[in-house]
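Data first, discussion second: the structure below is written as structure tokens.
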Amino acid sequence: MIEVSQLVKKYGDFTALHGISFSAKKGEIIGLLGPNGAGKTTTMKILSAFMPSTSGTTKVAGFDVFDDPMEVKKRVGYLPETPPLYTDFRVKEYLEFVAGIKHLAGSRLKERYEFVIEHCGLRDRQQSVINNLSKGFKQRVGIAQAIIHDPEVVILDEPTVGLDPVQIVEIRNLIKNLGSNHTVILSTHILPEVTMTCNHVVMINRGKVLADGSVESLTQGKGESLEEAYLRIITQDAHVVETANKGDS
């Protein structure tokens, strides 16, 4: 469903991604795990055809992001860290507006609208002005707009940041439900989000993939927690960088 190979992204003299590679199958929920500034958001923007890479290849549902960006966009639902909401709209108005942009009409629009309203828990908020909603409900509206066209791939950038504990659990459950019919990639620097939600982890730091696999494979099956595995892998990477820097001096 997703194939990323030797992806490089440069901003002038700064290299944000250093040839990262990973893949995702249908029905997987992948956690792109790493500290702030690791390259997670850059990766997601490229995957969603929001911006091009400098080199490397990225394919979504068999379509190349660079060669066929419009085909990729049809198959991707994207929720950036700040949801792209028109806050003066009512929930129903906004979702119908987004559906129109994504070429949904008639019975198909009604079917998908009813689906997202039900599955995103927005039934009682349809006539609410988005600006008056809590952060948790705004996040639900953001997810609803991302999946209203029934995309094959759903990309969520830090979907639980700033939510209270109850809202976090609700969004986690929503993401798990999405995983039954979609390929989901979510970025986070919060370890419990990966442990509670994902079945595949890609650890990224300084624009490089440090580890890629199931939680069980990354924790080495020795009772190690994901947090312990993460700290071990990040520490090893820091040691390699430090050693390399000493060698250059």
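Quick one: Debye curve from the C-alpha atoms of region 61-118, no solvent, what's log10 I(q)/I(0) at q = 0.14, 0.15, 0.16, 0.22 Å⁻¹?
-0.50, -0.56, -0.64, -1.01
Against the longest principal axis of the chain, how steep is helix 106-119, in degrees 0 to 90 to the nearest 10, with axes from Cα atoms?
60 degrees
Given springs between every Cα pair under 10 Å in a Gaussian network model of the chain, which of 132, 205, 173 has the largest fluctuation?
132
Using r as the Cβ-Cβ distance of residue 88 and residue 214, and R0 as 41 Å, what FRET efficiency do you calculate, to the nearest 0.05?
0.40
Count the net charge of all other residues whose Cβ sits under 13 Å from the Cβ of residue 2, scoring Lys and Arg as +1 and Asp and Glu as -1.
Its environment carries a net charge of -1.
From largest to smallest, what semi-axes in whole angstrom does the chain give when each is the square root of 5 times an eigenvalue of its alpha carbon gyration tensor?
Three semi-axes, in Å: 33, 21, 16.
Of 194, 32, 146, which is farthest on the positive side of the dipole of the chain, counting Cα position, with +1 on Lys and Arg Cβ, -1 on Asp and Glu Cβ, and the Cα centre as origin?
146
Based solely on its DSSP helices, what 222 nm [θ] is calculated for the chain when runs of n ≥ 4 H residues each add -39,500 (n - 2.57) and the sum is averaged over all residues, nearest 500 deg cm²/dmol?
-12000 deg cm²/dmol
How far, in degrees from 0 to 90, does helix 91-101 lean away from the longest principal axis of the Cα atoms of the chain, to the nearest 10?
70 degrees
By its C-alpha gyration tensor, with a ≥ b ≥ c as the square roots of the eigenvalues, how is region 152-204 shaped: rounded for a/c under 1.5, else prolate for a/b larger than b/c, else oblate?
Cα axes put region 152-204 in the oblate bin.
What does a probe at residue 132 reach in region 90-109, counting residues whose amide N is under 14 Å from the point 7 Å along Cα→Cβ?
In region 90-109, the label zone of residue 132 (backbone N under 14 Å from the point 7 Å along Cα→Cβ) covers 90-93.
First select every other residue whose beta carbon is under 11 angstrom from the beta carbon of residue 20; then total the charges, Lys and Arg +1, Asp and Glu -1.
Local charge sum for residue 20: +3.
Assigning unit charges at the beta carbon (Lys, Arg +1; Asp, Glu -1) and nothing else, what dipole magnitude in debye, to the nearest 20, does the chain show about its Cα centre?
For the chain, the charge dipole is close to 420 debye.
Every read-out reported here was derived from the displayed coordinates using simple, explicitly stated rules and does not represent laboratory data. As the structure is a prediction and not an experimental result, all values here were calculated from the model. Quick reminder, even Gly has a Cβ in these numbers, built from the backbone with ideal geometry, and neighbours come from all protein chains shown.
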